[in-house]
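Each remark here refers to the structure printed beneath this line.
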Amino acid sequence: MVMQIDILTLFPDMFKGPFEESILKRASEKKLVEIRINDLRKYGEGERRDVDDRPYGGGVGMVLRVDVIDRALKDLRTEKSKVILLDAGGTKFTQAKAQEFSKFGHIILIAGHYEGVDHRVNEQLVDEVISIGDYVLTGGEIPAMVITDSVVRLLPGVLGKDESSLEESHKVPGYIEYAQYTRPEDYKGWKVPKVLLSGNHFEIEKWRNAK
């Protein structure tokens, strides 16, 4: 089954580079994933295709409208879709969450922008709200790229044998990656740890787990 990822954004050109290189490109060419970039302005209001408006109660900036996002989701959503809003106030994205998302056949990622999204989107239209970290970005486009990359690499057949072996090291809870070294063995007096040169696989594994 081909996984489908729809990204809803005000800035579709931002995605031209990241999805046309490396593992994501290979996954698309192998027909393991179909990534579609959808311009939110297509669903905007009136001749100017407005997508935002001033917040009720006052405040600085503009807020993305609930009716515009609802129209977009009615066009893209199916019964099997998982709809995710990317927002700084959402649940923290983790490797475990990436593994969960990789099991879905269709994901819709909504990249928020401006001063935020009408909160009725959170309450009524999406399945989950996700944040990639406790910091502020200009919009949800970069988080959408991060989630897409981390999810696609988990799809069966996407990674080669060596890459798949490396991926296994990320699946143990609490472990991300151990320190790695290569030649030269001694560079400017900066030496490779002796245990890695010992040939003792038990001690090497113990050292790696500690790291």
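The values are calculated or read from the model by the stated rules, or taken from the named source; none is laboratory data. Here the structure is a predicted model, which means the values were calculated and not measured. We place every Cβ from the backbone using ideal geometry, glycine too, and count neighbours over all the protein chains shown.
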key: Matching entry among Arg41, Arg36, Arg71 (being assigned to a helix (DSSP H, G or I), under 18 Å from Asp13 (Cα atoms) and touching a residue at least 12 places away in the same chain (Cβ under 8 Å))   = Arg41
request  = Determine whether the stretch 95-114 contains at least one residue that is of a type in the set (Val, Ile, Thr) and free of Cβ contacts under 8 Å to residues at least 60 places away in the same chain.
outcome  = no
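Residue-by-condition table, conditions (1) closer than 15 Å to Thr148 by Cβ; (2) crowded, with 18+ Cβ neighbours inside 10 Å; (3) aromatic (Phe, Trp, Tyr):
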| site | (1), (2), (3) |
| --- | --- |
| Ile7 | yes, yes, no |
| Glu29 | no, no, no |
| Ile37 | yes, yes, no |
| Ile69 | no, yes, no |
| Leu73 | no, yes, no |
| Arg77 | no, no, no |
| Gly89 | no, no, no |
Set Leu86, Leu40: member being within 24 Å of Gly17 (Cα to Cα), under 16 Å from the mean Cα position of the chain (by Cα) and not β-branched (Val, Ile, Thr) = Leu86
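Results for (1) under 17 Å from Val68 (Cα atoms); (2) under 12 Å from the mean Cα position of the chain (by Cα), shown as yes or no for each residue.
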site	(1), (2)
Ile108	yes, yes
Val129	no, no
Tyr135	no, no
Pro143	no, yes
query = Does Glu141 fit the bill of being surrounded by 12 or more Cβ atoms within 10 Å (Cβ to Cβ), charged (D, E, K, R) and at pLDDT 95 or above?
reply = yes
message = Can you pull out every residue in the stretch 1-27 that is more than 16 Å from the chain's Cα centre (by Cα) and within 22 Å of Leu154 (Cα to Cα)?
response = Met1, Val2, Arg26
note = Scanning the stretch 105-138 for residues that are surrounded by 17 or more Cβ atoms within 10 Å (Cβ to Cβ) and touching a Ser or Thr at 6+ places or on another chain (Cβ under 9 Å) gives His106, Ile107, Ile108, Leu109, Ile110, Ala111, His113, Val129, Ile130, Ser131
